[in-house]
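Reading through the structure tokens given below for one structure.
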Amino acid sequence: MPTSDAIVMLREGHKEIRRLIRSYRLGEDPEAVDQLLRALAVYTYIECEGMYPRVSVLAPETEPTILALREEHHIAEVLAAELHEMRPEDISYDPKARLLMDIVERHMDTEDNALFPHVRAAVGRRELREIGAWMSTLSERAPLRPHRPSRQQIWDAVAA
């Protein structure tokens with residue numbers, strides 16, 4: 001089976017994340033936040049380690065958008081790490097979960113509507129498949145739970 005390109009992979013991830021968000025908001029799945037936190041840990045890792053660095057080189061004009069998206073990742077990671085340490089019955093659990101979901105939805109919308117169409121036009125199909133293959137490899141070693149990154153880790157990643 002041929003490797004999916006990076007954009008196809010990330011859009012599939014978006015579908016799963018949106019499904020988990022919808023499930024939580026509708027009260028259908030009490031484990032949806034835990035599943036979302038795991039999915040976001042993997043998604044963030046493969047995006048920040050696989051997609052963003054390579055796209056920044058192949059389409060340098062995307063750098064301002066990627067910098068903004070990295071900041072959204074940072075905020076989401078902080079919230080996710082806090083949620084991971086909380087219990088669902090904690091008074092701030094639901095508001096924090098909903099804020100995280102709002103940020104993640106905004107992030108995915110920006111990627112879907114601003115970043116991905118530009119990357120698709122600027123980066124060749126072969127390169128997108130290579131990035132997708134690298135992201136598949138990264139997903140095998142991605143963390144399965146959120147961590148709280150330091151500001152220095154974020155800026156080191158941006159500078160790389």
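Of all residues in the range 3-21, those satisfying the criterion of being among the hydrophobic types (A, V, I, L, M, F, W, C) and in contact (Cβ under 8 Å) with a residue 24 or more places away in the chain are Ala6, Ile7, Val8, Met9, Leu10, Ile17, Ile21.
Can you find a residue that is surrounded by 15 or more Cβ atoms within 10 Å (Cβ to Cβ) and β-branched (Val, Ile, Thr) anywhere in the range 104-115? The answer is yes, given that some residue of the range 104-115 is surrounded by 15 or more Cβ atoms within 10 Å (Cβ to Cβ) and β-branched (Val, Ile, Thr).
Every residue, every condition in (1) on the phi > 0 side of the Ramachandran plot; (2) modelled with pLDDT of 95 or more; (3) part of a helix (DSSP H, G or I); (4) touching a Pro at 6+ places or on another chain (Cβ under 7 Å), yes or no:
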| residue | (1), (2), (3), (4) |
| --- | --- |
| Glu77 | no, no, yes, yes |
| Glu82 | no, no, yes, no |
| Met86 | no, no, no, no |
| Asp102 | no, yes, yes, no |
| Met108 | no, yes, yes, no |
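Within the range 115-127, the residues that satisfy the criterion of being in contact with a Leu (Cβ under 9 Å, 6 or more places away or on another chain) and either part of a helix (DSSP H, G or I) or under 21 Å from Leu36 (Cβ atoms) (or both) are Leu115, Phe116, Val119, Arg120, Ala122, Glu127. Of all residues in the range 57-86, those being free of Cβ contacts under 8 Å to residues at least 40 places away in the same chain, loosely packed, with under 14 Cβ neighbours inside 10 Å and not hydrophobic (A, V, I, L, M, F, W, C) number 3. Annotation: of all residues in the range 22-37 being closer than 21 Å to Glu47 by Cβ and touching a residue at least 24 places away in the same chain (Cβ under 8 Å), the one that is surrounded by the most Cβ atoms within 10 Å (Cβ to Cβ) is Leu36. In the range 87-102, the residue that is nearest to Arg18 (Cα to Cα) out of those that are aliphatic (A, V, I, L, M) and buried (at least 16 other Cβ atoms within 10 Å of the Cβ) is Met101.
Rundown of residues vs (1) farther than 18 Å from Val8 by Cβ; (2) of a type outside the set (Val, Ile, Thr); (3) out of contact with any Asp or Glu (no Cβ under 6 Å at 6 or more places or on another chain), yes/no style:
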residue	(1), (2), (3)
Pro30	yes, yes, yes
Gln35	yes, yes, yes
Leu40	yes, yes, yes
Tyr43	no, yes, yes
Val55	no, no, yes
Pro60	yes, yes, yes
Thr65	yes, no, yes
His74	yes, yes, yes
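When Ala41 is tested against the conditions (1) buried (at least 19 other Cβ atoms within 10 Å of the Cβ); (2) over 28 Å from Val119 (Cα atoms), the lone failure is (2).
The values are calculated or read from the model by the stated rules, or taken from the named source; none is laboratory data. Every value quoted in this text rests on a predicted model; they were computed, and no experiment measured them. Positions of Cβ are generated from backbone atoms using ideal geometry, with glycine treated the same way; all protein chains shown enter the neighbour counts.
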